[in-house]
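Just below is one structure, and these are the notes that go with it.
Please treat every number below as a calculation from the coordinates, not as lab data. Predicted model only: the values in this text are computed from it and were never measured. Neighbour counts run over all protein chains shown; Cβ positions are idealised from the backbone, glycine included.
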Amino acid sequence: MELEDLKELIELLKDTDITELQVEKDGTKVKIKREKMLTSLDMPGHKPAMHMEKAAASEADEETQRLVTVTSPIVGTFFRSPTPETNPFIEIGARVAKGQVLCIVEAMKLMNEIESEIDGVVMKILVDNGQPVEYGEPLFLLEPV
Amino acid sequence: MKLFKKVLIANRSEIAVRIIRACKELGIKTVSVYSEADKDSLHVRLADESVCIGPAPSSQSYLNIPALLSSAEITDSDAIHPGYGFLSENFHFAEACTTSGITFIGPTPENIRIGGDKAKARQTMKRKGVPVVSGSDGPVPNEEVAMKIAKKMGFPIVLKASAGGGGHGMKIVKEEKDLEQAFFMAQREALTAFANSEIYLEEYIPEMRHIEVQIMADNKGNTIHLSERDCSIQRRHQKLLEESPSPLLTTEKFRKRIGELGVKAAKALKYRNIGTVEFIVDSKGNIYFIEVNTRVQVEHPVTEAVTGIDIIKEQIKLAAGFPLELRQNQIRPYGHAIECRINAEDPERFVPCPGKITFLALPGGPGVRVDTAIYQGYVIPSQYDSLIAKLIVHGKDRTEAIAKMKCALDGFIIEGIHTTIPFHKKVLNHPDFISGNFNTNFVEKMRTGAQENK
């Protein structure tokens with residue numbers, strides 16, 4: 001059983017009410033048990049609508065150790081290009097310099113340019129064009145050079 | 001007339017939960033906002049959607065007007081409820097909402113502006129025949145003018161900040177020789193706390209009761225009152241316990257008079273939506289206007305208990321333009337209600353005490369209500385105020401209400417942090433409280449009395 005498989009199993013557990021899982025594969029037996037939290041109120045694992053759209057962001061967990069995450073400093077709408085008619089500021093694989101504009105987050109009709117804090121290469125774009133973003137929302141993963 | 005489709009609650013903690021409940025009951029979708037410190041808050045879990053608006057400091061989150069307006073924009077909210085505190089009495093925020101095409105659930109920006117200018121509010125009341133404490137006509141420009149007015153009126157007097165509240169910039173001056181220094185100190189405090197050093201002057205009333213009237217008005221100016229609340233149990237101008245009816249106002253005539261003055265004051269300001277008019281009543285039973293609070297108040301559940309009216313739901317309907325359906329003669333308060341504000345503070349020294357709630361058991365039973373956002377396992381953040389729960393009881397009379405509150409306080413078990421529950425038990429057992437014979441000096445007297453007995 002590979003580390004990747006284990007990680008996948010743990011992720012699987014997280015999103016369900018399963019407290020114990022036993023898996024046998026290729027001669028390896030794995031038992032994963034989760035402590036059930038005692039709460040005085042029944043709290044459903046409610047995911048508000050805003051967060052439903054961003055499940056993809058959690059996959060960045062493993063990679064964020066070596067990559068730098070660019071997060072939104074404000075609440076607004078994410079745009080990849082300066083105007084609808086022009087090309088995006090950057091594409092995947094683009095080399096960016098510190099201070100270079102990566103995208104726009106529009107808030108109340110004001111276009112806020114989001115700049116890179118480092119010299120690096122764009123490895124992943126985590127949100128879609130026109131998507132609403134909140135404070136701290138991961139936008140890009142950059143590989144520092 | 002249609003209700004809003006979606007309301008963004010620009011607040012946190014128990015009041016955000018309260019507003020979410022009212023919206024849900026009305027079939028309105030809810031959006032909550034939170035700082036990074038409030039990620040695990042109840043108000044985030046209960047709302048249909050949530051938006052992280054900034055890091056922990058209030059100035060960058062709950063007071064961050066662009067972040068709030070932007071959140072309303074991206075979630076397509078048609079109204080914002082500001083709750084209490086934070087931006088609820090911020091004239092710029094109210095205006096900015098309106099400019100952005102979002103309804104601000106509260107009074108008009110003009111109501112907020114004048115409510116926030118206490119010297120001006122006093123002047124308006126004087127002009128319209130609402131009794132005010134004798135004092136200056138508007139703000140006092142300098143210490144010489146203050147001295148002239150004070151000498152004419154006679155000491156003791158109190159200096160108050162025009163833009164103020166919570167006792168900041170407030171100085172009681174007992175003698176002429178103390179006035180100059182007090183004036184400069186009051187100005188400095190007011191400037192620091194409110195960025196406005198304007199001071200006005202009033203006669204000091206030593207033994208006063210703080211009694212306030214809940215009012216409600218629609219867009220056409222139809223205004224009613226929902227009877228009064230007595231909030232005299234205070235420490236350093238912070239309310240700790242409130243009740244209705246006031247044990248001081250023992251006659252129907254007296255209660256009617258203060259209610260009518262509340263409506264008169266609201267109409268004088270062309271007040272819209274809900275608000276509270278604050279009065280002080282002196283030892284002779286004279287009623288004086290102090291200020292108007294242009295927002296929903298912490299202690300609104302006390303009035304909900306005695307009138308049976310859901311104030312927040314009414315507030316939302318009024319903001320959506322619905323006419324006021326309630327008539328004054330339909331407001332018939334019954335029984336007696338008491339609210340205790342439970343703070344995460346040391347009950348002796350009132351020092352805030354954030355931390356993790358390791359065990360929680362809530363009281364219940366008929367006439368017992370708890371408004372809170374805490375849960376077992378919740379970690380109270382240190383960056384915000386210490387109110388963690390409101391315990392409200394309603395009984396058929398004051399004796400039953402007191403008995404119910406004592407029982408409910410005993411049944412309210414919070415472990416892992418200090419709370420002011422023991423303090424409230426002391427109040428409820430104090431002979432002066434039980435007899436209804438107290439004023440705003442009660443807490444101070446109770447604590448000094450306790451120290452003398454040690």
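Here are some notes:
- Amide H contacts under 5 Å for A:Phe140, placed H, 5+ residues apart: A:Val70, A:Leu126
- When you filter the trypsin sites (Lys or Arg not before Pro) in segment B:15-73 for DSSP loop state and at most 16 other Cβ atoms inside 10 Å of their Cβ, you are left with B:Lys39.
- Sequence-separation-based contact order of chain B, relative, with Cα cut under 8 Å and 6+ spacing, percent: 14 percent
- For B:64-70, mean number of other protein chain Cβ atoms within 10 Å: 5
- Cα-based equivalent ellipsoid of segment B:284-378: semi-axis lengths in Å, sorted from largest, via gyration tensor: 31, 19, 16
- Each residue of segment A:115-122 was assigned a 3J(HN,Hα) from its phi angle through the Karplus expression (A = 6.51, B = -1.76, C = 1.60, θ = phi - 60°), giving 9, 6, 8, 9, 7, x, 10, 6 Hz with x at Gly and Pro.
- Gain upon complete extension [B:Asn286, B:Met147; 0.36 nm per residue less C-alpha separation]: 47.5 nm
- Trypsin sites (Lys or Arg not before Pro) within segment B:205-271: DSSP coil, no more than 16 neighbouring Cβ in 10 Å: B:Lys220, B:Arg236, B:Lys270
- Order of B:Cys353, B:Cys52 under a 10 Å beta carbon neighbour criterion, fewest first: B:Cys353, B:Cys52
- Across segment B:1-112, Cα-Cα pairs more than 21 Å apart make up 27 percent of the total.
- Pairwise label distance in nanometres, B:Arg447 with B:Ser134, each label 7 Å out on the Cα-Cβ vector: 3.2 nm
- Proxy reagent accessibility, fewest Cβ within 10 Å first, across B:Lys152, B:Lys404: B:Lys152, B:Lys404
- Translational D in µm²/s for chain B (Stokes-Einstein at 37 °C, 0.692 mPa s, Kirkwood Rh from C-alpha pairs): 145 µm²/s
- Distant-in-sequence amide H partners of B:Val132 (H built 1.01 Å from N, under 5 Å): B:Phe289
- Cβ crowding within 10 Å, taken as a proxy for footprinting-reagent exposure, orders B:Thr223, B:Thr276 from fewest neighbours to most as B:Thr223, B:Thr276.
- Magnitude of the charge dipole for segment B:134-203, about its Cα centre and with charges confined to Cβ atoms of Lys, Arg (+1) and Asp, Glu (-1), is about 60 debye.
- C-alpha center-to-center spacing [segment B:239-316, segment B:1-80] in angstrom: 28 Å
- Computed over the protein assembly as shown, Kirkwood Rh from alpha-carbon pairs, angstrom: 26.8 Å
- Cα centre as origin, Lys/Arg/Asp/Glu Cβ charges: segment B:237-337 dipole, Debye: 440 debye
- Long-range amide H partners of B:Asn11 with built H, under 5 Å: B:Val33
- Sequence-separation-based contact order of segment B:295-388, relative, with Cα cut under 8 Å and 6+ spacing, percent: 26 percent
- Sparse-neighbourhood loop sites, trypsin sites (Lys or Arg not before Pro) in segment A:65-145 - DSSP loop, at most 10 other Cβ within 10 angstrom: A:Arg66, A:Lys98, A:Lys109
- Of the residues B:Ile413, B:Leu326, B:Phe359, the one whose Cα sits farthest towards the positive end of the charge dipole of segment B:209-453 is B:Leu326 (charges of +1 on Lys and Arg Cβ, -1 on Asp and Glu Cβ, taken about the Cα centre).
- Label reach from B:Val379 (point 7 Å along Cα→C-beta): in segment B:13-53, amide nitrogens under 11 Å belong to B:37-40.
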